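*Asks:* Have a look at this one.
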């Protein structure tokens, strides 16, 4: 039986999630169709630009992403706290960036509402939009819908473009977050679409490295690395960018029998700081998507999640 999304996504337990959405057709989402020779490479830019656009509207921060031939990966941070702190006017302003304002909201903004009933309708609408602005389901829905419309128009066809539901994995602690991000950023390397991170087009690691080359420490529409001294903060990624880059480089060096590609790497300090051995990190990045594990974390964090959700069993991946 399919598990309700509300039982898979709980920002109170963890704000970090790994999401995967796959194309349902034989034809490629991106890349080149070997049967017809037709190129769909331009669609990778569609997805990347749509991710950036929606991230500037929603309180869904992008930690890492990779656009592949028939699917894409996202690791996201749900910033519920910032969404709840918005004023009503700020909620309307953000939501109206992508959506048409109902007449009653236009009247409310103009101060034309007379009855309490109309004001209550507006209040309910605004609170619905506020909730959607930090809803991962709504973010993914709008991301996939826009791409599906463009692809169907280009392919001159109708029907479903994506699988029915995107897959999500809750990342319960720093180890799970770090491993999921590295796994996503290394997808083009493992698929032999690129030989190094700096050549991995349409990935977050390429975007971050490009920003660094320009002398910028922050990357547009991507979650910032806060460093270890800011682990108590609710926003951003609790690592140093330099350590993360070293980690991606090291994991990418490891040769996997089930994958064609690998890169050179070095041993990063971050593994020692997180008490995560090289073997554990490699195993986690390798096993992340082999089995349907929707909760990823240490045994103690998994136990806390199980208690909070009042569950006797969870489909989970344990980290030592």
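The values are calculated or read from the model by the stated rules, or taken from the named source; none is laboratory data. Everything numeric in this text was worked out from a predicted model, so none of it was measured. Cβ: placed from backbone, ideal geometry, glycine included. Neighbour counts: every protein chain shown.
*Asks:* Give the range 128-153 a look and list any residue that's out of contact with any helix residue (DSSP H, G or I) (no Cβ under 8 Å at 6 or more places or on another chain) and over 25 Å from residue 18 (Cβ atoms), or say none.
*Replies:* Within the range 128-153, 128, 149, 152, 153 meet the criteria.
*Asks:* I'd like the full set of residues that are in a loop (DSSP other than H, G, I, E, B) and surrounded by 14 or more Cβ atoms within 10 Å (Cβ to Cβ), limited to the range 63-105.
*Replies:* 68, 69, 70, 79, 86, 96, 101 - these are the residues of the range 63-105 that are in a loop (DSSP other than H, G, I, E, B) and surrounded by 14 or more Cβ atoms within 10 Å (Cβ to Cβ).
*Asks:* For the range 149-181, which positions are over 16 Å from the mean Cα position of the chain (by Cα), crowded, with 17+ Cβ neighbours inside 10 Å and within 15 Å of residue 47 (Cβ to Cβ)?
*Replies:* 151, 161, 162
*Asks:* Moving on. Can you find even one residue in the range 188-197 that is under 23 Å from residue 135 (Cβ atoms), assigned by TED's automatic domain parsing to the domain that holds residue 236 and touching a helix residue (DSSP H, G or I) at 6+ places or on another chain (Cβ under 9 Å)?
*Replies:* no
*Asks:* Within the set of pairs 6+ apart or on separate chains, which have a first residue in the range 119-130 that is free of Cβ contacts under 8 Å to residues at least 24 places away in the same chain, a second that is assigned to a helix (DSSP H, G or I) and surrounded by fewer than 18 Cβ atoms within 10 Å (Cβ to Cβ), and C-beta atoms under 7 Å apart?
*Replies:* Within 7 Å, the pairs are 121/104; 122/104.
*Asks:* Hey, another quick one. Please tell me if residue 130 is surrounded by 19 or more Cβ atoms within 10 Å (Cβ to Cβ) and over 27 Å from residue 295 (Cα atoms).
*Replies:* Criteria not met by residue 130.
*Asks:* Does residue 221 fit the bill of being at pLDDT 80 or above and within 19 Å of the chain's Cα centre (by Cα)?
*Replies:* Spelling it out, it is not the case that residue 221 is at pLDDT 80 or above and within 19 Å of the chain's Cα centre (by Cα).
*Asks:* If you don't mind, another one. Does residue 47 satisfy being in contact with a strand residue (DSSP E or B) (Cβ under 8 Å, 6 or more places away or on another chain) and farther than 16 Å from residue 134 by Cα?
*Replies:* For residue 47, the condition - in contact with a strand residue (DSSP E or B) (Cβ under 8 Å, 6 or more places away or on another chain) and farther than 16 Å from residue 134 by Cα - is met.
*Asks:* Consider residue 108 carefully, then state whether it is outside the structural domain of residue 9 (by TED's automatic domain parsing), surrounded by 15 or more Cβ atoms within 10 Å (Cβ to Cβ), within 28 Å of the chain's Cα centre (by Cα) and touching a residue at least 12 places away in the same chain (Cβ under 8 Å).
*Replies:* no
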